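Some notes on the structure that comes next.
The values are calculated or read from the model by the stated rules, or taken from the named source; none is laboratory data. Because the structure is a prediction, the values reported are computed rather than measured. Please note: Cβ atoms are built from the backbone with ideal geometry, for glycine as well, and neighbour counts cover all protein chains shown. Side chains are part of the model used for accessible areas, which takes the heavy atoms of the whole protein and leaves out ligands, DNA and RNA. Shrake-Rupley method; radii C 1.70, N 1.55, O 1.52, S 1.80 Å.
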Amino acid sequence: MATYQGEKYLKPQLDSILSQSFSDFKLVISDDVSSDSTREIVSEYAKKYPGKVIPVFPEKASGSAENNFFSMLEKADDDYIMLSDQDDVWLPDKIEKTFEKMKEAENIYGKNTPILIHSNLKVTDGELNIIAESFWKYQNISPERTKLNQMLVQNGITGCTMMINRALLKYLWDYTPKECAMHDWWCGLIACSFGHIDYITDSLMLYRQHGNNQVGAKNARSFSFIWGKYKSRDIVKENYNKMFIQARLFEEKYQDTLTDTQKDILKGFIDIQGASRIFKVKTIIKYKFYKNNFVRTMGQFFSI
């Protein structure tokens with residue numbers, strides 16, 4: 001779990017994790033130098049659950065949620081890892097169902113295959129009143145889109161729902177990017193390139209929306225969502241820039257292990273940045289760098 005200024009919602013989240021139906025786990029909590037009572041709350045739970053709740057209190061802030069998560073993943077030495085935000089609530093069987101799905105995938109693909117499992121989630125307001133039973137439907141997300149050309153342009157993985165196995169973790173021991181779009185997206189690129197991504201359609205947690213979320217949920221079918229994208233064009237362009245940086249770092253790190261087809265796809269995507277509009281459109285069509293619906297894809301033609 002990565003925390004920062006999380007005092008308001010932290011206790012319900014910790015309670016939901018510590019009351020899971022599957023109990024054979026450790027909860028490592030890295031706080032990014034909070035100035036509120038977050039560290040006191042974490043220390044309280046560590047004292048209450050010795051050896052179960054493990055606090056990590058660095059003196060220097062990492063600067064972002066993804067960096068905080070990566071710093072933990074680089075040091076982790078476990079067979080399976082799940083990631084948690086500080087302000088949600090896990091439903092009682094979240095770990096159990098995710099672990100079952102992981103074992104099913106490992107039985108098919110082998111434990112030496114990097115595997116990522118993620119799930120659907122329910123969207124709530126700050127008081128946990130349900131806004132949407134399915135985050136995927138609310139956000140218009142297509143979890144079955146796990147090919148490299150699809151993952152490069154759109155991430156369908158929500159980090160706070162995912163589990164990775166040791167085979168994928170080893171990639172993070174070897175290298176974590178200094179800059180990327182998000183940590184879950186980077187893990188997804190590893191899994192789709194060298195292993196397997198699978199998902200659970202059940203909603204296994206309550207995804208609390210309270211105005212301070214780093215990455216929030218909005219109704220992707222609403223006019224306000226589309227209008228908001230238009231008004232925030234500078235932010236959209238910056239997000240595309242992060243996607244290109246992420247792709248370049250991925251290509252540089254793994255160029256010796258990628259297949260020729262994967263190398264071609266990555267190069268095609270990277271070459272889009274800075275190219276003419278006609279070249280961009282032709283390349284998007286050639287490699288099918290499409291988003292999961294017509295409106296988003298058309299927006300990409302004009303924004304990327």
Going residue by residue through the range 276-283, the Karplus relation 6.51 cos²θ - 1.76 cosθ + 1.60 with θ = phi - 60° gives ³J(HN,Hα) values, rounded to whole Hz and with x marking Gly or Pro, of 5, 4, 5, 4, 4, 4, 4, 5
For the range 103-185, the charge dipole (Cβ of Lys, Arg +1; Cβ of Asp, Glu -1; about the Cα centre) points to a positive end, and the Cα of Leu152, Ala181, Ser142 closest to that extreme belongs to Leu152
Of the candidate values (i) 244; (ii) 163; (iii) 134, the one computed for volume of the Cα convex hull per residue in Å³ from this structure is (iii)
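Given a 1.4 Å probe and heavy atoms of the protein chains only, how would you sort Val123, Val236, Val295, Val28, largest accessible area at the top? Before the final figure, lay out the partial values.
Working: Val123 0, Val236 25, Val295 85, Val28 55 Å².
Output order, biggest surface exposure first: Val295, Val28, Val236, Val123.
Taking a temperature of 4 °C and a viscosity of 1.567 mPa s, what whole-number D in µm²/s does Stokes-Einstein yield for the range 1-154 with Rh from Kirkwood over alpha carbon pairs? Show your work: numbers first, answer last.
Numbers: Rh = 17.3 Å.
After rounding, the answer is 75 µm²/s.
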Between the Cα axis of helix 260-270 and the main Cα principal axis of the chain, the angle (0 to 90°, nearest 10) is 90 degrees
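Keeping all protein chains in place and using 1.4 angstrom, which order do Val33, Val42 fall into by accessible surface area, from largest down?
Result, largest first: Val33, Val42.
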For the range 7-154, dividing by residue count, accessible area per residue (probe 1.4 Å) in Å² works out to 48 Å²
Counting only protein heavy atoms and leaving out ligands, DNA and RNA, the solvent-accessible surface of His196 at a 1.4 Å probe, in Å² to the nearest 10, equals 40 Å²
Taking Cα atoms, the helix 38-48 axis meets the longest principal axis of the chain at an angle in degrees (rounded to 10) of 50 degrees
Heads up, the range 18-97 by the C-alpha gyration tensor (a ≥ b ≥ c square roots of eigenvalues; a/c under 1.5 rounded, else a/b over b/c prolate, else oblate) looks prolate
Summing -39500 (n - 2.57) over every DSSP H run of at least 4 residues in the chain and dividing by its residue count gives a helix-only mean residue ellipticity at 222 nm, to the nearest 500 deg cm²/dmol, of -14000 deg cm²/dmol
Residues whose modelled amide H sits under 5 Å from the amide H of Ile29, counting only those 5 or more places away in sequence or on another chain, are Ile54, Val56
When the charge dipole of the chain is computed with +1 at the Cβ of Lys and Arg and -1 at the Cβ of Asp and Glu, the Cα pointing farthest to the positive end, of Ala247, Ile29, Thr257, is that of Ala247
Filtered hits (lysines, Cα-Cα < 21 Å from Lys60, offset >= 8 within chain) -> Lys75, Lys178
Quick shape check on the range 262-303: root eigenvalues a ≥ b ≥ c of the Cα gyration tensor, a/c under 1.5 is rounded, otherwise prolate if a/b tops b/c, else oblate, and it reads oblate
Surpassing 32 Å at the alpha-carbon level, of the pairs Lys101/Lys291; Lys103/Lys263; Lys26/Lys267, are Lys26/Lys267
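Where both residues lie in the chain, what percent of DSSP beta bridges are antiparallel, nearest 5?
Numbers: 9 of 24 bridges.
DSSP beta bridges in the chain are roughly 40 percent antiparallel.
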Quick calc, Asn241 & Lys47: beta-carbon distance into FRET formula, R0 51 Å, rounding 0.05, result 0.70
So the angle from the long Cα axis of helix 65-75 to the longest Cα principal axis of the chain, reported in degrees to the nearest 10, equals 70 degrees
So, relative contact order of the range 72-205 in percent, Cα under 8 Å, 6 or more apart, is 42 percent
Expressed as a percent, the accessible surface of the chain that is carbon or sulfur, using a 1.4 Å probe and the full set of protein chains, is 52 percent
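Rounded, prolate or oblate: which fits the range 247-286 when a ≥ b ≥ c are the square roots of the eigenvalues of the alpha-carbon gyration tensor, with rounded for a/c under 1.5 and prolate only if a/b beats b/c?
Details: a/c = 4.51, a/b = 1.94, b/c = 2.33.
Oblate, since a/c reaches 1.5 and b/c is not below a/b.
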